[in-house]
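In what follows, a structure is listed as structure tokens, so that the remarks can point back to it.
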Amino acid sequence: MSLGRLLAVATALLMAVACGALALGIGVVMDPVLRDLMGTLGLSGLEAVLSDLAEGYAPDPAMVEGAVSLGRAILLLVAVPPALNAVVGEVLGWRSLAWYGGATGLLTALLPWLMRGGAGPARAGIEAGEGRVTAILFCAGGIAGLIYWLGAGRFAGRGAATMWAAPRR
């Protein structure tokens with residue numbers, strides 16, 4: 001793989017992760033249940049941290065650890081699926097939009113299930129909320145995959161000389 005191709009892949013991955021994170025944020029804001037939950041948890045935690053900082057106290061370590069854990073989880077959800085699918089697509093030379101969009105969306109939606117060992121929901125009342133979260137994750141992953149495909153995936157497996165050449169008629 002040439003240096004130009006590596007640069008194109010890295011740039012496309014950065015754009016895909018950013019757009020996937022933006023789509024995830026929009027999905028959370030658009031869903032009324034998740035919006036209320038994040039508003040309650042996020043604003044109360046943010047208010048507590050800001051008031052501690054304003055009074056000159058160090059923030060609560062549990063709050064900082066919670067924020068770091070949430071950041072890691074979000075990064076895992078929006079960065080790992082497009083990167084994994086990009087590597088597989090590049091190695092195998094796949095240029096299909098269905099691969100990059102569909103497989104990235106599916107992997108993003110399945111990642112929480114895979115991390116907890118495929119166990120079903122703990123309570124019957126969680127199923128509807130979990131379905132909405134899964135749909136939001138699928139859409140965010142699909143958007144990230146589409147952005148990667150637009151940036152670099154449609155040229156996967158081509159040599160450096162033919163990647164930027166005009167298409168033949």
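The values are calculated or read from the model by the stated rules, or taken from the named source; none is laboratory data. Source: prediction; values computed, not measured. Note that we place each Cβ from the backbone using ideal geometry, even for glycine, and neighbour counts take in every protein chain shown. Ligands, DNA and RNA are stripped out before the accessible areas are found, and what is left, the full protein with its side chains, is counted by its heavy atoms. Shrake-Rupley method; radii C 1.70, N 1.55, O 1.52, S 1.80 Å.
Within segment 47-84, the residues that satisfy the criterion of being outside any loop (DSSP other than H, G, I, E, B) and of a type outside the set (A, V, I, L, M, F, W, C) are GLU47, SER51, ASP52, PRO61, GLU65, GLY66, SER69, GLY71, ARG72, PRO81, PRO82. Among the criteria (1) surrounded by 15 or more Cβ atoms within 10 Å (Cβ to Cβ); (2) at pLDDT below 75; (3) within 23 Å of SER2 (Cβ to Cβ), the one TRP149 does not fulfil is (2). Residues in segment 1-29 that are in contact with a helix residue (DSSP H, G or I) (Cβ under 6 Å, 6 or more places away or on another chain), farther than 20 Å from GLY71 by Cβ and surrounded by fewer than 14 Cβ atoms within 10 Å (Cβ to Cβ): 2 in all. The sole residue among GLY129, GLY142 that is part of a helix (DSSP H, G or I), at pLDDT 85 or above and surrounded by 13 or more Cβ atoms within 10 Å (Cβ to Cβ) is GLY142. With respect to (1) among the aliphatic types (A, V, I, L, M); (2) at pLDDT 85 or above; (3) open to solvent by less than 70 Å² (accessible area, probe 1.4 Å), the lone exception for ALA156 is condition (2). Among the residues of segment 94-110, those that are within 19 Å of ALA23 (Cα to Cα) and surrounded by fewer than 17 Cβ atoms within 10 Å (Cβ to Cβ) comprise LEU97, ALA98, LEU110. The residue that is most open to solvent (accessible area, probe 1.4 Å), among those in segment 68-93 that are touching a residue at least 24 places away in the same chain (Cβ under 8 Å), farther than 18 Å from CYS19 by Cβ and not small (Gly, Ala, Ser), is LEU92.
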